[in-house]
Amino acid sequence: MSAPHLPKVAGIDPAVPPPAHTHAPLPSPAAHPPPGAELQDRLAGWVSDLTTLHELTERLACTTALDDALNELLKAGAALVGARRGLVVLEPADGLGPAVTTGLGLAHADLGHIETVPRSATAYGRILDGLPDADGGPDLMADPAGVDPRHREVAARLGYAASYALPLTTDAAGRLGAAVWLYDESAEPVERQQHLVGLYIRYAAEHLARLVELERARAHVATVAEELLPSRLPRVARVQLAARRRTGPRGGGDWYDALPLPEGALGLAVGSVTGSGPSAVAAMGRLRASLRAYAVMEGEDPVAVLSDLELLLRLTEPARSATALFAYCEPARRKIVLAGAGHAPPLIVGDRRTEFVETSLSAPLGMLACWEAPSVEISTEPGETVLLYTDGLLHRTGDPMDRAFARLHAAAASVPKAVRDDPDAVVDHVLRTVLPDGLDEADSAEDVVILAARFA
């Protein structure tokens, strides 16, 4: 009996199954990739990794402030190792600072809890202390017997089950600190991630070393500048004094001074030396010290004081110029005689008036063969405050000078009456109003000096 025929479907003969004695069908071409495909995949992966690494290092290279660099390092490292939180502790081995702890996804209180863990109980702590096994790497909480009790308690409180730490070191600077990333689950980066983050950390450590040196230089310049300025303002009868100074990142030559003079008088001065950096700070110190000497000898004649100062500057530092304003005050009479060399006019702030003092236009010191300008005499009413300031206050606004002067005038006029008896409050209000949104505190190429004197 013959086998039945299979039915046709839509006019197409159904496939006939192969006989049992025939060979199995050849595998589909897709089952075996073409030659070189695996190598191409690996190369594509390497290119992708290098591109990512390049982008992250470029972003880090764009940071010029230490805090910004630490934050960028944490974010990039977290992306590379697949973590969500972390912290970096900057603690140079030479002990010269700066010492900084920065967190990612951790509140200030969280950082405080982590700092209560004995340093020898954490991988990053062993790195910071330079212990023999301080190579970093994974630190898992899975084995309670091998974990310090306090570390286990803090990990449970903050909700992390593992960490991965790496040292921040360079050949030249040595150990700078350590970075650690925290995992919510018991995990650690795979070999590829460890390789990438290792390359990134090596570059980051070099960048941080440069920023640390820059930060130290800034701190040294700022310290020297502060030492060259009055450590405290003098106490003089019938006068209240207040001063504020904001210095740029490189340190500048803006300065102020207030010194008691014979017969109950008071000398007030503000000035600015051209340039920035250590040389400008040193020149500022020499100029201020010289002005103090001239003020003691002939302070009642401000023009003579500035003329002597101009001669000294021209003879000792011919390549440098400076602006200065010196005021000889008699507090008992509320009388002020002042002279300025290329300096902005003082501002009188009171209940009945807010006005600039009309001074003659004059060149800065060192700009002409012989400086000379007439003095100006003014009288203040009881309770009025005289503001002396440097041009940096106006330049930091970014406005043209006429608008900057108008902004300063408006700021002084808007001082609340409740605080006009406090020169510190007056100065702070003027600073915040003229330079809003943190411009008064932000790093800038322009120094700012304000000296306020309130007469009773």
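General remarks:
- The residue list Pro416, Pro400, Pro382, Pro423 contains one member that is open to solvent by 50 Å² or more (accessible area, probe 1.4 Å) and either of a type in the set (Val, Ile, Thr) or within 27 Å of Ala332 (Cβ to Cβ) (or both), which is Pro382.
- Among the residues making up the stretch 333-343, those that are touching an Asp or Glu at 6+ places or on another chain (Cβ under 8 Å) and open to solvent by 10 Å² or more (accessible area, probe 1.4 Å) are Arg334, Lys335, Val337, His343.
- Val89 being closer than 26 Å to Ala173 by Cβ and either open to solvent by 80 Å² or more (accessible area, probe 1.4 Å) or at pLDDT 95 or above (or both): yes
- Cβ pairs under 7 Å, 6+ apart, first in the stretch 342-355 and closer than 16 Å to Asp402 by Cα and in contact (Cβ under 8 Å) with a residue 40 or more places away in the chain, second assigned to a loop (DSSP other than H, G, I, E, B) and β-branched (Val, Ile, Thr): Pro346/Val357
- Some residue of the stretch 207-228 being assigned to a loop (DSSP other than H, G, I, E, B), free of Cβ contacts under 8 Å to residues at least 24 places away in the same chain and basic (Lys, Arg): no
- Of all residues in the stretch 207-246, those that are exposed (fewer than 15 other Cβ atoms within 10 Å of the Cβ) and either touching a strand residue (DSSP E or B) at 6+ places or on another chain (Cβ under 7 Å) or hydroxyl-bearing (Ser, Thr, Tyr) (or both) total 3.
- Residue within the stretch 178-201 that is of a type in the set (Phe, Trp, Tyr), at pLDDT 90 or above, assigned to a helix (DSSP H, G or I) and open to solvent by 70 Å² or more (accessible area, probe 1.4 Å) present: no
- Answer residue from the stretch 301-339, given it is of a type in the set (Val, Ile, Thr) and outside any strand (DSSP E or B) and is nearest to the chain's Cα centre (by Cα) among those: Thr316
- Pairs, first touching a residue at least 12 places away in the same chain (Cβ under 8 Å) and assigned to a helix (DSSP H, G or I) in the stretch 36-49, second surrounded by 10 or more Cβ atoms within 10 Å (Cβ to Cβ) and not β-branched (Val, Ile, Thr), C-beta under 6 Å, six or more apart: Asp49/Leu196
- Every condition in (1) modelled with pLDDT under 90; (2) open to solvent by 50 Å² or more (accessible area, probe 1.4 Å) is met by Gly366 except one, and the failing one is (2).
- Condition met for Asp402 (of a type in the set (D, E, K, R) and under 21 Å from Arg246 (Cβ atoms)): no
- Condition check for Leu291: open to solvent by less than 10 Å² (accessible area, probe 1.4 Å), in a helix (DSSP H, G or I) and within 30 Å of Glu384 (Cα to Cα): yes
- The stretch 305-332, subset at pLDDT 95 or above and open to solvent by 10 Å² or more (accessible area, probe 1.4 Å), residue farthest from Ala418 (Cα to Cα): Tyr328
- Any pair with Cβ under 6 angstrom, 6 or more apart, that starts in the stretch 261-278 at a residue that is open to solvent by 50 Å² or more (accessible area, probe 1.4 Å) and ends at one that is modelled with pLDDT under 95 and not in a strand (DSSP E or B): Thr274/Arg320; Thr274/Ser321; Pro278/Val221
- Being of a type in the set (Gly, Ala, Ser) and under 20 Å from the mean Cα position of the chain (by Cα) holds for only one residue in Ala219, Ala178, and it is Ala219.
- Pairing each residue of the stretch 423-435 that is without any contact (Cβ under 8 Å) to a residue 12 or more places away in the chain with any residue that is outside any helix (DSSP H, G or I), provided the two are 6+ apart or on different chains, yields C-beta distances under 9 Å for Ala425/Ala242; Ala425/Val415; Ala425/Pro416; Arg432/Asp440.
- Sole exception among (1) open to solvent by less than 60 Å² (accessible area, probe 1.4 Å); (2) under 25 Å from Pro302 (Cα atoms); (3) among the hydrophobic types (A, V, I, L, M, F, W, C); (4) not in a helix (DSSP H, G or I) for Phe405, by number: (4)
The values are calculated or read from the model by the stated rules, or taken from the named source; none is laboratory data. All values reported here derive from a predicted model rather than from experimental measurement. Cβ sites come from the backbone with ideal geometry, for glycine too, and all protein chains shown count toward neighbours. We work out accessible area using only protein heavy atoms, side chains counted, and drop any ligands, DNA or RNA first. Shrake-Rupley method; radii C 1.70, N 1.55, O 1.52, S 1.80 Å.
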